[in-house]
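To start, the structure under review is shown below, and the notes come after it.
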Amino acid sequence: MNAVEIVTTLLNADPAIAVLIEPSRIKAGMLPQDAALPALLAREISQVERLKLVRVGKALVTSRIEVAVRAKSYREQKAVLALVIHACAGRTGDIGGGTSVAITNAGAGPDLVDEAGIFQQAQDFRVTHETDA
């Protein structure tokens, strides 16, 4: 289990997101250029060294995960971004196969509009979880 899988599990499980975005448009790593909108893309930006936990045989990993929102309008972009934050921020526990998970906000990226007129913005999260050492 990795932090991207943890975040995409939360995004796919959120009923408010499911109303707007079907699971096939919530991807890890890369979205097709012709993906229907709105769509979400989760990627790992960085990962802090694995810190071995004493006497447990586990390591603590902290990753910075970016969830990029792609939308047809600025209003839709902001609405989906708010749903993403609600679905992920402040979550703790065993999530999506990850154990001892803690997720916090880690900042938002700039508003962008690409050459095709697609509105985009990213929200970053800090995801900490245990993994085998």
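Could you pull out every one of the aspartates and glutamates with an alpha carbon less than 20 Å from that of residue 78, ignoring same-chain neighbours closer than 8 positions?
14, 22, 66, 111, 114, 115, 124
Using Stokes-Einstein with the Kirkwood hydrodynamic radius over Cα pairs, what translational diffusion coefficient do you get for the stretch 52-133 at 37 °C and a viscosity of 0.692 mPa s, in µm²/s rounded to a whole number?
It diffuses with D of about 233 µm²/s by this estimate.
Sort 10-17, 110-117, 64-71, 27-34 by packing, meaning the average of other beta carbons within 10 Å per residue, with the highest value first.
64-71, 10-17, 27-34, 110-117
Go through 37, 23, 8 and say which Cα lies farthest out towards the positive end of the charge dipole of the chain; charges sit on Cβ, +1 for Lys and Arg, -1 for Asp and Glu.
8
Quick check for me: using +1 on Lys/Arg Cβ and -1 on Asp/Glu Cβ, what's the dipole size of the chain about its Cα centre, in debye to the nearest 20?
Value, rounded to 20: 300 debye.
Could you state, as a whole-number percent, how many of the C-alpha pairs of the stretch 1-118 are farther apart than 18 Å? Working shown, then result.
On the way: 3609 of 6903 pairs.
In whole percent, the share of Cα-Cα pairs in the stretch 1-118 beyond 18 Å is 52.
Report, in debye and to the nearest 20, how large the dipole of the stretch 1-73 comes out about its Cα centre when Lys and Arg carry +1 and Asp and Glu carry -1 on their Cβ.
For this selection, approximately 280 debye.
Separation of the stretch 87-128 and the stretch 1-79 by C-alpha centroid, Å?
What the calculation gives is 6 Å, centre to centre.
Every read-out reported here was derived from the displayed coordinates using simple, explicitly stated rules and does not represent laboratory data. As the structure is a computational prediction, the values presented were derived from the model and not from experiment. Neighbour counts run over all protein chains shown; Cβ positions are idealised from the backbone, glycine included.
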